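Below you'll find the structure, written out as structure tokens, and then a few comments.
The values are calculated or read from the model by the stated rules, or taken from the named source; none is laboratory data. Note that the structure is predicted; figures quoted are calculated from it, not measured. Quick reminder, even Gly has a Cβ in these numbers, built from the backbone with ideal geometry, and neighbours come from all protein chains shown.
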């Protein structure tokens, strides 16, 4: 078995994970037998073909930024690390497309695109800015604050190469929207969490870099006024790139010095585009926000603005470094109910005396709640009760909750994805069709598929 794998990738591109004292490739405490580093899509195909014959499970791995997400895997035999699939294979400025392999960090792609002609970018701003790879971003459908203007990976991908569990390489889409006829199969793999195939290459739609970017920041004494200000923005003709609401604890953890420390909640509204349009909209949004009586209002641009948005995107990873036992939840609700969720989490954590980082894509109905400290006197059973109570309350608000980070002990008691929806039978059928032996990321996705 080891000899066959060595012939595929070379002995220098195989690693025994048990030799790592830090258990680098541990997934919820489970350690694979071997870690493989294929150098191209064909080698990935050969690994999957051989693993399928041997009935050995495969865990796709990029830079590992989201390996703590999902349920505990039911089986971990081999990790396929895509870090050597690191090529930008094609860029067409005229057609505004770029094709990149799955192991390339997005930050590397963006740097390359900025240097082309007038400058371009892929309009994605997911968390883990410096490390997240193209494959991991697409497989988890990861996005950030600017999804309000640009959408998510589903809106930006034109084509894809995927290696199926049996080793077959499939190509979908192309370098033009016109190439997509019938079912857009790319969307099947976006957000599939690596359960249907390993993403090998992706073609994105590009945009020219904006001429100007500016951000308005307003600090409020309480969240209700901040969400009222957002409601006014959403009903206006303004077109922000991002609308974010966070509690001040987020910026305390990030180490940011902000004006208005007597406030409790911060609203940030970003704009980007042509210079004249950005300046006009900044003036208009300032007038609207000031009518909601914030504690203070100020503007950001340049390096300060970049640091601000990077910090918000990467709060989760920064919090993990300071508070390794952080429990992170992502909530999706109707946009009109984001304020209710924000207040719900605050009241629940205040009752327990626990620190909480709250962030909200206020224009998209997404709230992130990061419980920053585990009470040493609060056991796993108590956490289970708290999270179940939160999930039930959010369900009553017509929403859903995914637990993005939790200890393996807690994951054994609660399904991080929640109760599968009515369409779960369709997901099961797809899994049975594409991966009948349940070898790719087994047990980690919705319903334990």
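What to note about this one:
Residue by residue, here is whether (1) more than 18 Å from the chain's Cα centre (by Cα); (2) surrounded by fewer than 22 Cβ atoms within 10 Å (Cβ to Cβ) holds:
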residue	(1), (2)
60	no, no
85	yes, no
92	yes, yes
104	no, no
111	yes, yes
117	yes, yes
122	no, no
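- Against the list (1) in contact with a helix residue (DSSP H, G or I) (Cβ under 7 Å, 6 or more places away or on another chain); (2) crowded, with 20+ Cβ neighbours inside 10 Å; (3) at pLDDT 95 or above, the condition residue 173 fails is (3).
- If only residues of the stretch 160-170 that are touching a helix residue (DSSP H, G or I) at 6+ places or on another chain (Cβ under 7 Å) and part of a strand (DSSP E or B) are counted, the one that is surrounded by the fewest Cβ atoms within 10 Å (Cβ to Cβ) is 169.
- Members of the stretch 291-302 found to be farther than 16 Å from residue 224 by Cβ and in contact (Cβ under 8 Å) with a residue 12 or more places away in the chain, listed by number: 296, 297, 298, 299, 300, 301
- Members of the stretch 1-44 found to be more than 20 Å from residue 75 (Cβ to Cβ), under 26 Å from the mean Cα position of the chain (by Cα) and in a helix (DSSP H, G or I), listed by number: 41
- Residue in the stretch 411-424 that is buried (at least 19 other Cβ atoms within 10 Å of the Cβ), part of a strand (DSSP E or B) and at pLDDT 90 or above present: no
- Qualifying residue in the stretch 140-153 (condition: surrounded by fewer than 23 Cβ atoms within 10 Å (Cβ to Cβ), modelled with pLDDT under 95 and assigned to a helix (DSSP H, G or I)): no
- Subset of the stretch 432-449 [crowded, with 21+ Cβ neighbours inside 10 Å and in a helix (DSSP H, G or I)]: 446
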